[in-house]
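Here, each number is a calculation from the coordinates, and none is a lab measurement. Source: prediction; values computed, not measured. Positions of Cβ are backbone-derived with ideal geometry, glycine not excepted, and every protein chain shown enters the neighbour counts.
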């Protein structure tokens, strides 16, 4: 081989793996890129924004939208759940793109429900836009339960057991930082 060919061969041995690494990095970045507010697809077809949680529902995925999240655990046989359901439907539709409201049927999704301290239905859990549990502080307008991790004492969950009306839910959402647009309630 001539000196020029040897030099080109060395460059190719370095350049090709480098280009492969760069390509893999960009593919990884595209797949793992957080969803920005501008990229939220709010539609009837996006299952993340539908009220009813399905078997393939992933809570962590909802946090990528950077919106407040309310999980409402209930059941078809629960009277207060059925009374509250029209309110949840209304809020899910009117706040779509501003907050995520999800209904989890405890009978249809027992494996998912088992990850939460649900002892009565309805029970709601509240998450801030960054995925952390809502911290009601002293200003809570309704009685909320806060759960702490046994090992660290860190705030793990915020919940409410029982019926909540639309006004109470909107107050909590405002305390969670939701700025309501006109025509979406209070």
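Give the calculated FRET efficiency between residue 56 and residue 142 to the nearest 0.05, with a Förster radius of 30 Å applied to their Cβ-Cβ distance.
0.40
Can you tell me which of 11-24, 88-101 comes out highest on packing, and rank the rest after it, using the mean Cβ neighbours within 10 Å?
Per-residue mean Cβ counts within 10 Å order the peptides as 88-101, 11-24.
Express the relative contact order of the stretch 43-175 as a whole percentage, based on alpha carbon pairs under 8 Å and six or more residues apart in sequence.
28
Give the order of 125, 112 when sorted by the count of other beta carbons within 10 angstrom, beginning with the fewest.
In order of increasing Cβ crowding within 10 Å: 112, 125.
Could you give log10 I(q)/I(0) at q = 0.11, 0.17, 0.18 Å⁻¹ for the stretch 73-158, computed by the Debye formula over C-alpha point scatterers of equal weight, without solvent?
So the normalised log intensities are -0.35, -0.85, -0.95.
Would you list 72, 48, 107, 130 from fewest to most Cβ contacts within 10 Å?
Going from least to most buried by this count: 130, 107, 48, 72.
Counting DSSP beta bridges in the stretch 40-139, what percent are antiparallel, to the nearest 5?
45
Please give the FRET efficiency for residue 149 paired with residue 108, using the beta carbon to beta carbon distance and R0 = 30 Å, rounded to the nearest 0.05.
0.60
Given R₀ = 22 Å, FRET efficiency for residue 83-residue 174 by Cβ-Cβ distance, to 0.05?
0.45
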